[in-house]
Amino acid sequence: MISPRLQRAADTLVRAQFAVAPGESVLVTADDATERVLVDAIAAAVLRAGARPLVALAPQLPFQGGLSDPYVSDSLRAAAVASDVWFDLCFPYHAGSTATSEAIAGRRCRYLLLATAGADSFERLYGQVDFAALMDFNLAFAAFVAEAAGETMRVACPLGTDLAWTIDRPKLVRERVARTPGLHTVPGTQSFYPVADSVRGRVVLQALFDEDHRILRRPITILVEDRIRAIEGGAAEDRPRLERALRRANGGGHDFGRCIHFTFGFHPAARLTGRHFIEDIRVPGSNAIGMGLPWWEPGGGENHPDGIALDQSVWVGDRMIARDGLLVGPPELKAPYDAMVRRLD
């Protein structure tokens, strides 16, 4: 049964974020870990919008991005190119794969890296928030980040993270309504991209997505001096997996690569699940640190590990932006931040 809250979330995705139009072709990709009720809810919302859904179900991918290419069928690649909208529920996800690159190169498909298997997580992200207020803040934050290019950004957390870098120009542009063909993401987080080799310091990870996503039994510390120089701590089952994933993302060598993106999560309804990566990195104050080889460089792909640090404090230049995960300024951000609310109905 599709609950009213799940239906509202699906309609918000289809109508408010993507403005799916009558007659458009909408591809929904899912894997054998995706809850059927979530797939049904999104397909039903597409039908209510007067569009034409196609649901593609396949075995769960072992890797995301370019590493997934051998496991993606030609039929899926053909369907993606011929779609106006692609909602990708798969986790690991298709972003960064040849299928996604071909779809985007056709300048028709609007691809969403949705990457969640659970209806409960989807409800929180799209159905338990004042979506207009969420987008107001997300757009204001994106504009702030674009203007801060060239400044020094520093993050710290209670467990010992202390990391700084020079802010580069944004790689993706957030749209209030996703009308432009290309890659789109779930609202509720803002990415920061460092100038190559400018990152210095240490980051303490409390959750990790490499070969799977999980909360870490013991934190892992990453030491960075332009590139990732050392990995310390972590439980016996966790650190070797991260090291394998970093080497795999960098072509199988001994180099761990670089820190390639950071984020600030601020979704008022998100909670730390240990199961849903896309939701966990939107928990207020969370920081998803992408490591490895960037997707925008030759040979890169969305196949890099992502670690999560929580309760981060943030400075841009000499301005404090957040303290222990909560945004404190500047005024042009604080007002729309305070206007975001969690819906409980």
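The values are calculated or read from the model by the stated rules, or taken from the named source; none is laboratory data. The model shown is predicted, which means the values in this text are computed figures rather than measured ones. Positions of Cβ are generated from backbone atoms using ideal geometry, with glycine treated the same way; all protein chains shown enter the neighbour counts.
Of all residues in the range 181-193, none satisfies being surrounded by fewer than 16 Cβ atoms within 10 Å (Cβ to Cβ), of a type outside the set (Gly, Ala, Ser), farther than 21 Å from residue 277 by Cα and modelled with pLDDT of 95 or more. Against the criterion of being within 19 Å of the chain's Cα centre (by Cα), crowded, with 16+ Cβ neighbours inside 10 Å and farther than 16 Å from residue 163 by Cα, residue 248 does not qualify. Close contacts from the range 203-214, counting a first residue that is farther than 12 Å from residue 237 by Cβ and a second that is among the hydroxyl-bearing types (Ser, Thr, Tyr), with Cβ to Cβ under 8 Å and a gap of 6+ residues or different chains, come to 203/161; 203/221; 204/161; 204/221; 205/221.
If you filter the range 81-121 down to residues that are among the small types (Gly, Ala, Ser) and touching a Cys at 6+ places or on another chain (Cβ under 6 Å), you find that the one that is nearest to residue 50 (Cα to Cα) is 83. For the range 273-294, the candidate set comprises residues that are in a loop (DSSP other than H, G, I, E, B) and more than 17 Å from residue 212 (Cβ to Cβ); within that set, the residue that is farthest from the chain's Cα centre (by Cα) is 293. Name the one entry in 30, 41, 10 that is within 23 Å of residue 61 (Cβ to Cβ), within 21 Å of the chain's Cα centre (by Cα) and buried (at least 17 other Cβ atoms within 10 Å of the Cβ). From the options 30, 41, 10, the qualifying one is 30.
Are any of the residues in the range 113-121 without any contact (Cβ under 8 Å) to a residue 40 or more places away in the chain and in contact with a Leu (Cβ under 7 Å, 6 or more places away or on another chain)? Checked against the condition, which is being without any contact (Cβ under 8 Å) to a residue 40 or more places away in the chain and in contact with a Leu (Cβ under 7 Å, 6 or more places away or on another chain), the range 113-121 yields no hits at all. The sole residue among 227, 247, 217, 271 that is at pLDDT below 95 and farther than 21 Å from residue 61 by Cα is 227. Looking at 155, 177, just one residue is within 18 Å of the chain's Cα centre (by Cα) and in contact (Cβ under 8 Å) with a residue 12 or more places away in the chain, and that residue is 177. In the range 89-103, the residue that is farthest from residue 66 (Cα to Cα) out of those that are outside any helix (DSSP H, G or I) and of a type in the set (A, V, I, L, M, F, W, C) is 89. The selection criterion, being among the hydrophobic types (A, V, I, L, M, F, W, C) and either within 30 Å of residue 182 (Cα to Cα) or within 14 Å of the chain's Cα centre (by Cα) (or both), does not hold for residue 328. Criterion applied to 36, 110, 48, 52 was being touching a strand residue (DSSP E or B) at 6+ places or on another chain (Cβ under 6 Å), surrounded by fewer than 17 Cβ atoms within 10 Å (Cβ to Cβ) and among the charged types (D, E, K, R), and the one residue passing it is 52. Annotation note: Cβ proximity below 7 Å between a residue of the range 1-20 that is aromatic (Phe, Trp, Tyr) and a residue that is not in a helix (DSSP H, G or I) (sequence gap 6+ or interchain) occurs for 18/85; 18/110; 18/178.
From the set of residues in the range 161-191 that are in contact with a helix residue (DSSP H, G or I) (Cβ under 6 Å, 6 or more places away or on another chain) and assigned to a strand (DSSP E or B), which is farthest from residue 325 (Cα to Cα)? The residue in question is 182. Would you be able to say whether some residue in the range 85-101 is surrounded by fewer than 19 Cβ atoms within 10 Å (Cβ to Cβ) and of a type in the set (D, E, K, R)? No; the residues of the range 85-101 include none that is surrounded by fewer than 19 Cβ atoms within 10 Å (Cβ to Cβ) and of a type in the set (D, E, K, R).
Number of residues in the range 193-217 that are part of a strand (DSSP E or B), in contact with a helix residue (DSSP H, G or I) (Cβ under 8 Å, 6 or more places away or on another chain) and farther than 13 Å from residue 291 by Cα equals 2.
Only a single criterion out of (1) in a loop (DSSP other than H, G, I, E, B); (2) touching a residue at least 60 places away in the same chain (Cβ under 8 Å) is not satisfied by residue 83, namely (2).
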